[in-house]
1. What FRET efficiency comes out for Ala48 versus Leu23 if R0 is 45 angstrom and r is the Cβ-Cβ distance? Round to the nearest 0.05.
2. Kindly flag which residue pairs out of Lys90/Lys114; Lys90/Lys143; Lys41/Lys131; Lys107/Lys135 have an alpha-carbon separation exceeding 25 Å in this structure.
3. Report the FRET efficiency, 1/(1 + (r/R0)^6), for Cys56 and Asp89, where r is their Cβ-Cβ distance and R0 is 25 Å, rounded to 0.05.
4. From the phi of every residue in the range 39-47, what ³J(HN,Hα) in whole Hz does the Karplus formula 6.51 cos²θ - 1.76 cosθ + 1.60 yield, where θ is phi - 60° and glycine or proline is x?
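Computed from the coordinates by the stated procedures, all read-outs in this text should not be read as laboratory data. Here the structure is a predicted model, which means the values were calculated and not measured. All Cβ positions, glycine included, derive from the backbone under ideal geometry; neighbour counts span all protein chains shown.
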Amino acid sequence: MGLRSRGDRGSGGAGLSAGCEPLYGGKPEKLTTPVRKKPPKEEPVPEAPVKMVDECTADFRADPRTVRAQTHVSSDLTDQGTTALVNSDKATDPTAQAGLIREGIDKFRNALIKDPYNAVATLKLALAYDKVYRKGCALAMLKRLATLATNPSSRGRRTPRSTRSATTASGSGTTARTR
């Protein structure tokens, strides 16, 4: 028994001749270069400027002594308005978002009608106005929040924690203390 080479497996010389032929056939086909297409010209879409409304027609000087504070109803309306604003952030349809923000603003306004000293409703109404670019009303609400903090009739009421940052952002220069 002699040692055989790798190419010699009992086929004689046929194994060596098969190794010289091309493995998969003849020469490969020549590939063509794809035609380059020019991208279509897109006209630049001008961005619509965001228009901030600087004036506010709300009347904050009405006599609050004529209103009997209904704090429970006011807090319920504030919670409903908060829910509407949270849902507006989750909505994908712009029409639905606008409707929910409008509902939230209406709930906060009704809460302030029921209890003019509700600081939480005042702050959340300012935030809702800011979402719809009503800068004048948002600033007016923040100024009103600062006056609520210094009002002696609302001393015992709970004010929101962010009152301090909201009043300094309004430019009044006074800070409210939360208890």
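1. Numbers: r = 64 Å, r/R0 = 1.43.
Once rounded, the FRET efficiency stands at 0.10.
2. Working: Lys90/Lys114 28 Å; Lys90/Lys143 29 Å; Lys41/Lys131 35 Å; Lys107/Lys135 19 Å.
Too far apart for the 25 Å limit: Lys90/Lys114; Lys90/Lys143; Lys41/Lys131.
3. Values: r = 24 Å, r/R0 = 0.95.
Computed FRET efficiency for Cys56 and Asp89 comes out at 0.55.
4. Those phi angles translate into x, x, 6, 9, 6, x, 8, x, 6 Hz.
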